[in-house]
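Visitor: So that we are looking at the same thing, I have put the structure below in structure tokens.
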Amino acid sequence: MMLEKLEERKEQLEKELQEYIRKRDELNAAAREYAKKRDELNKTVREMLEATKSVKAKRDEYNRKVKEIRVKRNEIFKEIDKLYKEVDKLRKSIDKGGRPLGEIEKEIRRLEFKQQTAVLTIEKERALVERISKLRKELEERKNQLEKHEEFKKLISRIRELKDQAKELLNELKAYAEEADKYHEQLSQMFSEIDEKRKLADEMHEKFVESKKEADRCHNETIKLRKDIKDLEKVIKALKSKQFKSKEQREKEELIRKAKQIYEMFKRGEKIETEDLLILQRAGLI
């Protein structure tokens, strides 16, 4: 009974061992697949990061041009402001009253900037547009009145020339800014995709670690089960050996018992068979 139970237990352990081996191999295969996907994603990330360098270089180049043009425009506006001061000095000798033209020009620029950048209600924006229109009209009327003076006319002509240059620079600035924005948007999209790839790579790595950890646990279980099976086999072998010896002993005792009976028959002079002689011989009595 004990031997049967031990053999049943050994059979159960062997089934468990095969199940752990199967599970371990599946987990190791999954871990290899996760590692492969992780490495592919990390490679793609490196390639994408390399690709961003040229896009970033183009964006930075256009931003640099925007800055250069801004500096040029600011220099032109400084010169315009300087000329307006000369205009105002001349105006004072010609026109004995009225607001300085430079102040009107500066206010127009300030209001235009506000219109472009501030968030206004419809009523406020309408009022702002009307104010700018009124100031421009005032500026032109004053200029037309004063341009009858030759020196004043030259100054105004130079101011207009500089304004045209500033306008051309503004158009260039807008074009470069649009290009810079386009490459910046492309760069942002690329980095967004890179972040997604990195996230996926991290997920694959986590799954790799989890699968490898579980595979190692299953492997440790197989080692333990193999040891348990080996130890059980030793016990079964020892038990079988003991049972075999017990049987052999019983057979030997039976042989001696029969041999003694035959020997007594022989001593009494009774007839014995050849087979009986062989039994006596095996028992060591002859």
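Visitor: Within the set of pairs 6 or more residues apart or between chains, which connect a residue that is of a type in the set (D, E, K, R) inside the range 16-32 to a residue that is outside any helix (DSSP H, G or I) with Cβ atoms less than 6 Å apart?
Guide: Sorted first by the residue in the range 16-32, then by its partner, the list stays empty.
Visitor: Which of the residues belonging to the range 98-111 are within 48 Å of the chain's Cα centre (by Cα) and open to solvent by less than 50 Å² (accessible area, probe 1.4 Å)?
Guide: Across the range 98-111, the qualifying residue is only Leu111.
Visitor: Please determine whether any residue of the range 7-22 is farther than 30 Å from Ala238 by Cα, open to solvent by less than 80 Å² (accessible area, probe 1.4 Å) and not β-branched (Val, Ile, Thr). Steps first, please.
Guide: Filtering the range 7-22 for residues farther than 30 Å from Ala238 by Cα gives 22.
After this cut, where a residue has to be open to solvent by less than 80 Å² (accessible area, probe 1.4 Å) as well, the list is none.
Scanning the range 7-22 turns up no residue that is farther than 30 Å from Ala238 by Cα, open to solvent by less than 80 Å² (accessible area, probe 1.4 Å) and not β-branched (Val, Ile, Thr).
Visitor: Do you know which residues across the range 189-235 are within 15 Å of Gln18 (Cα to Cα) and of a type in the set (Gly, Ala, Ser)?
Guide: Ala215
Visitor: Tell me, please, whether a residue that is at pLDDT 85 or above and closer than 22 Å to Leu170 by Cα can be found in the range 89-103. Before you say what the answer is, go through the steps one by one.
Guide: The initial filter retains those residues of the range 89-103 that are at pLDDT 85 or above, namely none.
No - not one qualifying residue is present in the range 89-103.
Visitor: Looking for whichever is under 21 Å from Glu168 (Cβ atoms) and touching a residue at least 24 places away in the same chain (Cβ under 8 Å) here; the options are Val71, Val66. Which one fits?
Guide: Val66
Visitor: Looking for something over 20 Å from Ser192 (Cβ atoms) and not polar (S, T, N, Q) - is there at least one such residue anywhere in the range 41-60?
Guide: No; the residues of the range 41-60 include none that is over 20 Å from Ser192 (Cβ atoms) and not polar (S, T, N, Q).
Visitor: Now, a different point. Give the range 124-152 a look and list any residue that's open to solvent by 100 Å² or more (accessible area, probe 1.4 Å) and within 25 Å of Lys114 (Cα to Cα), or say none.
Guide: Result: Lys124, Arg126, Glu130, Lys134, Arg136, Lys137, Glu141.
Visitor: Of the residues Val66, Val71, which single one is of a type outside the set (Asp, Glu) and exposed (fewer than 13 other Cβ atoms within 10 Å of the Cβ)?
Guide: After applying the criteria, what remains is Val71.
Visitor: Let me ask something else. Looking at Val119 and the list (1) outside any helix (DSSP H, G or I); (2) modelled with pLDDT of 90 or more, which single condition is not satisfied?
Guide: With respect to (1) outside any helix (DSSP H, G or I); (2) modelled with pLDDT of 90 or more, Val119 is out only on (2).
Visitor: Can you tell which of Arg9, Arg32 is assigned to a helix (DSSP H, G or I), over 17 Å from the mean Cα position of the chain (by Cα), of a type in the set (D, E, K, R) and modelled with pLDDT of 95 or more? Explain how you work it out, then say what you get.
Guide: Values: Arg9 fails: modelled with pLDDT of 95 or more.
After ruling out the rest, the residue left standing is Arg32.
The values are calculated or read from the model by the stated rules, or taken from the named source; none is laboratory data. Please read all numbers here as calculations on a predicted model, not as lab measurements. Virtual Cβ from ideal backbone geometry, glycine too; neighbours counted across all protein chains shown. Surface areas here come from the heavy atoms of the whole protein model, side chains and all, with no ligands, DNA or RNA. Shrake-Rupley method; radii C 1.70, N 1.55, O 1.52, S 1.80 Å.
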